[in-house]
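Asker: Mind looking over this structure? Questions follow.
The values are calculated or read from the model by the stated rules, or taken from the named source; none is laboratory data. Please read these numbers as outputs of a predicted model, since none were measured by experiment. Virtual Cβ from ideal backbone geometry, glycine too; neighbours counted across all protein chains shown. All accessible areas refer to the heavy atoms of the entire protein, side chains included, with ligands and DNA or RNA removed. Shrake-Rupley method; radii C 1.70, N 1.55, O 1.52, S 1.80 Å.
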Amino acid sequence: RSKMGDETCCSRIASSCFTAFAGFALFVLSLVLAGWNEYRIVATEKTLSAARINLHEAPCGPINPANDGMLVHISCQLSHLKSFNDLPGLSTLTDSEATGIRLMQFVEVLEWHEISHSDDKRKSERLEVNGRPTKSTSYSYELQWDTHWIDSSSFQSSCASSNGGRPCVNVDPTTQPWWITGPRRLGGSTAGAADGLQAGAFLVPSDMAAQIGTGRPLVPSCDAKPCPPTMDAQGGRLYWRNLKGRTVASNVDFPGDVRLSYTLFNASQVSIIAQQKASSFAPWSGPYDHRYTAYLVSDGLISAEDMLSAASAQSAFLGWVLRAVSLAAATGGLFLSGAPLTQAAGSIPCVGGLLEGVATVVLCCVSLLAATGCWLMVVAVSWLWFRPVVSAILFGVAAVVLFVSCCWTHRSKRSAPKEYGRGEASLDTAQGFYPDPANFATAPLLPEGGFSAGKVPPPPFAPRWAAPGDRGCPYCGASQISSGARFCCDCGARL
């Protein structure tokens, strides 16, 4: 089904202004992100360096009270795991199969999705209603598994064509009788976790326990044999069937069905670097910035140096990712800020498409150069205190990039041809500088009334081309102008 909506001039202007404002905001936020990322890299490295100096090895048991409040490293066996046989679909598994640190569940519902398609034609190609350009929006409908319920009351009536003539209705799964005792919630969530997980004699905090273990899928099955009409197990998932208006068999997917899958996380050994707090652990704040802490956990028996080196490598990798993201965001922000200029160029009749393409390429290049220069400036300022030599090099590169960007922009403005219309002269009329029309086949247009009182045309000047048949500019005398040229390359006058 399609809808037609008027696209007024005011709406296009408002859209352009919003795009420019959003682009500028994105540019500013990207520079803030770049500065924060450089500070994060330095703070993390200094915290890890301080951790290497203040680290103590602690035994798995008994707990040494002298280490309380200190940064310690342990590598111990895990104990006090939990069995999850009491959850739906897992009663048939053995204790060894269903025991671990935590169990994650992922629940989805099968429902109709409304997909809108708007045309992307140019203004000259759109239909017009009452003299105003319009855009068309069409709708299509598909069945998809999703992690949140979609209300179908606002769907268009055309959805019936995708559903065999029947209306598309998404049944709220929370209204089903099996919801409370079955999946209970949509999306990914923790179905259960071990209470009192221990590493040696130490109690592992819940936030640290959430980072331990490698996941493996569990294969659920119906708790009762045979499966009841509202349930089914296939493909490693447990299904609850929607019986409201069902027209297919219970082993075939139908709108309103809900499916669930399990992932069990387990580990037998763990290594921890953290501050010892009685019989448990807490984050250790470094001397550089208390917001950056040493609070590391890894599966297996890992040495302290390997854990700190891995944390440093992870911080460096994240730093390069955020650098690329911030630079791309800065470039995109400047490009969006200048997008109204490309839209204005595209609105020119006949040649709008060509001008918009050229303007887009130029704007993209200028945005990349300017954003790179500003980004390098921010990074250089961030490193000024910690690494002055690196900062000076970045300042130099940023200055060069910004200079090139300014030169590019200035050259683009100067290369635009100047067009002189009727009643205008290419030279100052107050000076009376007009060539003699008798000397040229194409003379310049004089202002109305001719020369002003007291002004006499200067004597004919000798043009800078020799042969009578050569092409030249009657305004400045420039030669070597191609026969198809409409503007002079020297003075920009229209020929």
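Asker: So the check is Cβ under 7 Å with 6+ separation or different chains; which pairs have a first residue in the stretch 144-162 that's at negative phi and a second one that's of a type in the set (S, T, Y) and open to solvent by less than 70 Å² (accessible area, probe 1.4 Å)?
Answerer: Correct list of pairs: Q156/Y139; S158/Y139; C159/Y141; S162/Y141.
Asker: Among the residues of the stretch 212-256, what is the count of those that are open to solvent by 50 Å² or more (accessible area, probe 1.4 Å) and aliphatic (A, V, I, L, M)?
Answerer: Number satisfying all stated conditions: 6.
Asker: Does Q77 satisfy the condition of being closer than 22 Å to G213 by Cα and surrounded by 15 or more Cβ atoms within 10 Å (Cβ to Cβ)?
Answerer: No.
Asker: Would you confirm whether any residue within the stretch 166-175 is modelled with pLDDT of 90 or more and open to solvent by 50 Å² or more (accessible area, probe 1.4 Å)?
Answerer: yes
Asker: Can I ask one more? In this structure, is R40 basic (K, R) and modelled with pLDDT under 90?
Answerer: No.
Asker: Consider only pairs whose beta carbons are under 7 Å apart and that are at least six residues apart or on different chains; among these, list those whose first residue lies in the stretch 284-309 and is closer than 16 Å to M208 by Cα and in contact (Cβ under 8 Å) with a residue 12 or more places away in the chain and whose second residue is assigned to a loop (DSSP other than H, G, I, E, B) and open to solvent by 60 Å² or more (accessible area, probe 1.4 Å).
Answerer: Hits for this filter: T293/P283; Y295/P283; V297/Q211.
Asker: A follow-up question, please. Give me the pairs, please: first residue somewhere in the stretch 320-338 and polar (S, T, N, Q), second residue anywhere and open to solvent by 60 Å² or more (accessible area, probe 1.4 Å), beta-carbon distance under 8 Å, and either six or more positions apart or on two chains.
Answerer: Qualifying pairs under 8 Å: T331/L368; S337/F24.
Asker: In the stretch 197-211, how many residues are within 22 Å of Y262 (Cα to Cα) and surrounded by 12 or more Cβ atoms within 10 Å (Cβ to Cβ)?
Answerer: Residues flagged as within 22 Å of Y262 (Cα to Cα) and surrounded by 12 or more Cβ atoms within 10 Å (Cβ to Cβ) within the stretch 197-211 amount to 6.
Asker: Something else about it: Could you tell me which of the residues S91, S189, S162 is of a type in the set (S, T, N, Q), over 30 Å from P228 (Cα atoms) and either surrounded by 13 or more Cβ atoms within 10 Å (Cβ to Cβ) or at pLDDT 90 or above (or both)?
Answerer: S162
Asker: Kindly provide the set of residues from the stretch 55-73 that are part of a helix (DSSP H, G or I) and loosely packed, with under 15 Cβ neighbours inside 10 Å, ordered by number.
Answerer: Across the stretch 55-73, the qualifying residues are P65, A66.
Asker: Does Y292 qualify as being touching a Lys or Arg at 6+ places or on another chain (Cβ under 7 Å) and open to solvent by 30 Å² or more (accessible area, probe 1.4 Å)?
Answerer: Answer is no for this residue.
Asker: State yes or no: is I115 of a type in the set (V, I, T), under 30 Å from K277 (Cα atoms) and either modelled with pLDDT under 95 or part of a loop (DSSP other than H, G, I, E, B) (or both)?
Answerer: Considered against the rule, which asks whether it is of a type in the set (V, I, T), under 30 Å from K277 (Cα atoms) and either modelled with pLDDT under 95 or part of a loop (DSSP other than H, G, I, E, B) (or both), I115 comes out as no.
Asker: State whether the residues of the stretch 273-281 include one that is loosely packed, with under 13 Cβ neighbours inside 10 Å and within 30 Å of N163 (Cα to Cα).
Answerer: No: zero hits.
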